Amino acid sequence: MVLGFIPLGDLSNICGNPSSKPNGVTFREQLGKARLRSSERMTADPPLAIPPMPPRLHLCPCNVVADAWGADRVEPCPIVQCSKELSVGWDSQGSGFMAAAPYQYDLATCVDDIDIKSWHQVCDSSGNPYLDLRFLRAVEISFAREASFWYLIARDESGRSVACTCFSRYLVDGVLMAPAVIQRGITGIRRFWPSFLKYKILLCGIPVSTCNHQLAIADHADRQRLLATLDTVAVKLARASGCPLISFKEFPPEIAVQMDALKDEGFLWARSVMAYSLKGEYGSFDGYYDTRSKSRRSKIRKTFRKLECAGLTCEERQGRDGVDQLFTDDVHRLYLNVLDRAHVKFEKIPVEFFRELARQLPDESCFTIFRKDNRIVGFCCGLRSHRQHHMLFCGLDYSLNSDAELYFNILYRGLSHGIIPGVKAVHIGAAADEFKQHIGCEGKPLSIYVKAVGTVRHFLLKQVFGLLFDTKPAPVPQLVQHTTEDYEPQEVRRAA
């Protein structure tokens with residue numbers, strides 16, 4: 001409908017006596033002509049049409065829908081009395097604001113309090129052995145003095161599980177991932193200030209270097225909505241437990257692409273370690289040995305001979321074979337020897353972890369043990385899962401390393417323990433990059449996401465983030481290529 005406005009000139013012609021008839025035209029007729037002229041002028045030059053702004057749609061977590069105006073931020077629902085929070089933003093068509101209510105969730109502080117059925121609904125299909133409740137129980141028991149744990153199950157409106165994860169609080173070294181120059185400078189400062197740049201951090205994960213993450217997401221989950229929910233929970237836990245930083249760790253490239261939505265929540269991306277895996281269904285160590293080049297097979301034979309000449313023996317055990325009794329404090333010191341030489345020292349694994357790993361996972365835990373004169377001088381522990389084997393930690397007496405090549409023997413024998421029929425990948429972990437590439441491993445750069453709690457603290461973190469963390473894209477590791485002259489017929493290999 002177009003509204004007509006009568007010009008003043010037209011009004012002057014009709015403001016006389018309504019009953020008068022100037023020029024034989026009645027007042028009503030003059031009024032009609034004036035409206036017609038005004039309507040024609042407005043049609044030729046119409047005013048700018050301003051459509052009403054789209055109303056903002058608030059979707060309350062209590063399933064109440066209402067229209068309201070508001071700022072683009074996380075805020076309580078202004079329409080209903082609701083203590084829950086909701087996040088809002090533009091809808092996919094850009095026609096208005098749509099709310100994304102956070103997922104409901106259960107939070108337990110002990111493995112024994114977890115809803116086991118809901119946990120398995122999501123985690124069983126992920127194939128992640130580090131979400132096995134028995135493994136998490138081993139971590140919880142062994143780290144009881146150093147860490148706190150929370151276990152989260154996110155659910156949709158129908159009550160279905162959409163994700164499971166573990167949060168933990170742990171004291172870490174702030175320059176863990178910093179370049180060597182920065183680390184040397186901080187080491188000098190810590191001679192006078194031992195706790196400098198050491199702080200509690202809230203991890204989405206566990207305080208154990210598994211070269212893997214502890215987050216399982218169902219296929220039907222809304223990842224953007226889920227990550228916003230996890231961020232909200234993490235901030236609340238960090239504030240309650242006094243953690244200035246939050247970190248989601250450690251994601252391989254194919255998962256990190258999906259986790260990049262954390263950047264929308266203020267997280268900063270950084271590169272973690274390079275994780276190595278030997279892929280291929282070899283069936284046995286002999287099958288793997290046959291695929292190696294002539295020079296590599298020669299080195300393997302030389303390594304094995306050195307072990308025998310040094311008078312060392314090797315045995316393979318599973319957790320049920322009394323490993324918890326074998327793992328004494330003296331054996332644990334072998335692990336500490338390796339930790340002292342490590343470039344990246346994220347955590348110090350307590351002796352109780354190895355014992356609990358054997359107790360909680362008696363059939364899945366694997367231990368390769370080296371002895372000299374009946375004394376344990378080296379070990380490697382691993383975890384077997386569906387069609388995969390994970391090598392976790394090792395320890396050795398470095399006084400025997402030069403004569404027996406003990407470190408290389410531990411890796412080869414641990415690899416042999418993992419390569420069995422049905423296993424398609426053996427995950428060997430990080431470090432020793434050049435050696436692992438030479439034995440045929442593929443490397444994947446892992447990603448972490450870090451966020452400071454509080455606006456001022458997060459601003460300061462941004463200023464120094466590039467100094468404390470590696471933010472450069474990871475180089476693509478190349479497998480060592482061998483020429484055809486390196487290979488020989490299988491009969492010759494078997495004879496050797």
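Between the range 212-291 and the range 400-427, the C-alpha centres lie 27 angstrom from each other.
Among the chymotrypsin sites (Phe, Trp or Tyr not before Pro) within the range 143-235, those in coil by DSSP and having at most 10 neighbouring Cβ atoms inside 10 Å are 192.
Around the Cα centre of the range 273-322, unit charges on the Cβ atoms of Lys, Arg, Asp and Glu (plus for the first two, minus for the last two) sum to a dipole of about 420 debye. Spacing of the modelled spin labels on residue 342 and residue 326, each 7 Å from Cα toward Cβ, amounts to 2.2 nm. Label point of residue 375 set 7 angstrom out along Cα-Cβ; within the range 405-426, amide nitrogens under 18 Å from it belong to 405-407. Each Lys and Arg Cβ is given +1 and each Asp and Glu Cβ -1; about its Cα centre, the range 168-253 then shows a dipole of about 440 debye. Note on residue 200: lysines with a C-alpha under 16 Å away, same-chain residues under 8 apart excluded, are 236, 249, 345, 348, 451. Show me the trypsin sites (Lys or Arg not before Pro) within the range 295-369 that DSSP assigns to loop and that have at most 16 other Cβ atoms within 10 Å of their Cβ. For trypsin sites (Lys or Arg not before Pro) across the range 295-369 that sit outside H, G, I, E and B with at most 16 neighbouring Cβ atoms in 10 Å, the list reads 345, 348. Between residue 442 and residue 197, the simple label model (points 7 Å from Cα in the Cβ direction) yields a spacing of 3.6 nm. Spin-label pair residue 112-residue 126: with each label point 7 Å from Cα along the Cα-Cβ axis, the two points sit 2.4 nm from one another. At full extension, residue 239 and residue 257 could sit 3.7 nm farther apart than now, given 0.36 nm per residue minus the alpha carbon distance. When only the Cβ of Lys, Arg, Asp and Glu is charged (+1, +1, -1, -1), the dipole of the range 404-453 relative to its Cα centre reaches about 260 debye.
Charges on Cβ only, +1 for Lys and Arg, -1 for Asp and Glu, centred on the Cα centroid of the range 281-423; of 378, 394, 410, which one is farthest towards the dipole's positive end? Selected residue: 410.
The numbers here are math on the coordinates, done by the rules we state, and not lab data. Fair warning: this is a prediction, and the values are worked out from it, not measured in the lab. We place every Cβ from the backbone using ideal geometry, glycine too, and count neighbours over all the protein chains shown.
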